[in-house]
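I have placed the structure first, in the form of structure tokens, so that the comments after it can refer back to it.
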Amino acid sequence: MVKYLLFLGTIILLVGCGNTSSQFITQPKVQTEEPFVQDPLETESKHLTSLSPQYLDESKYTGDELEIVRLINQRAEYLWEGNEEEYLTLFTEDRPVSQIPNYQIQELVIEDEIAFQEQKQIYQVACRIKEIHIDKTESSRGYVFKKDKQDAQAAWKIADID
């Protein structure tokens, strides 16, 4: 049996290696087109575009509600851009924050109705917003807004975010 396997192996070896007359001579391929190289800036731009935040739809609101929604959207925009100077202008002077947080908001969802309250000196608004961060973590935050009742030119400001 061993002799038979050796004989068969030798024949296969001779047949496979012995036929050199049918080899083809081939020319190396010449590349006529330049290889595709993607611009890293273009790649980053497309990536950021696909990740850009989804703001609250301002077309669904009017009046003071629209101003509140714009403030929420601006906060998300300034967080996204890392614009600390503009971020801090959204808050009242007695604001509880002194610097911009180190996260970015991917998407915003209003969880409750925007609730207005009239007080002696100010108008106050409270609402709850679900924030979906760029790392896919979620947080539900309570926003409080204030507007001075005595000043006709006063604008809404963020008083607190819990």
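When I68, I100 are checked against the criterion of being assigned to a helix (DSSP H, G or I), of a type in the set (V, I, T) and either under 20 Å from R141 (Cβ atoms) or at pLDDT 80 or above (or both), a single residue qualifies: I68.
Total residues in the range 98-121 satisfying the condition of being within 26 Å of the chain's Cα centre (by Cα) and polar (S, T, N, Q): the figure is 5. Taken over the range 77-118, the criterion of being touching a His at 6+ places or on another chain (Cβ under 7 Å) and either among the hydroxyl-bearing types (S, T, Y) or farther than 22 Å from L66 by Cα (or both) is satisfied by Y103, Q104. Residues that are touching a residue at least 24 places away in the same chain (Cβ under 8 Å) and within 17 Å of the chain's Cα centre (by Cα) were ranked within the range 63-78; the one that is surrounded by the most Cβ atoms within 10 Å (Cβ to Cβ) is I72. All of (1) in a strand (DSSP E or B); (2) over 24 Å from D57 (Cβ atoms) hold for D94 with one exception: (1). Restricting to the range 100-129, name every residue that is surrounded by fewer than 14 Cβ atoms within 10 Å (Cβ to Cβ) and charged (D, E, K, R). Selection gives E111, D112, E113, E118, K120. The residue list K60, K147 contains one member that is loosely packed, with under 15 Cβ neighbours inside 10 Å and of a type outside the set (F, W, Y), which is K60. Scanning the range 66-76 for residues that are out of contact with any strand residue (DSSP E or B) (no Cβ under 9 Å at 6 or more places or on another chain) and either within 14 Å of I110 (Cα to Cα) or of a type in the set (D, E) (or both) yields L66, R70. Among the residues making up the range 135-159, those that are more than 22 Å from S52 (Cα to Cα), out of contact with any Leu (no Cβ under 9 Å at 6 or more places or on another chain) and among the basic types (K, R) are K146, K147, K149.
Within the range 130-151, the only residue that satisfies the criterion of being hydrophobic (A, V, I, L, M, F, W, C), touching a helix residue (DSSP H, G or I) at 6+ places or on another chain (Cβ under 8 Å) and not in a loop (DSSP other than H, G, I, E, B) is F145.
The values are calculated or read from the model by the stated rules, or taken from the named source; none is laboratory data. Just so you know, these numbers come straight off a predicted model, no measurement behind them. A quick note on method: Cβ atoms are made from the backbone with ideal geometry, for glycine too, and the neighbour counts reach across all protein chains shown.
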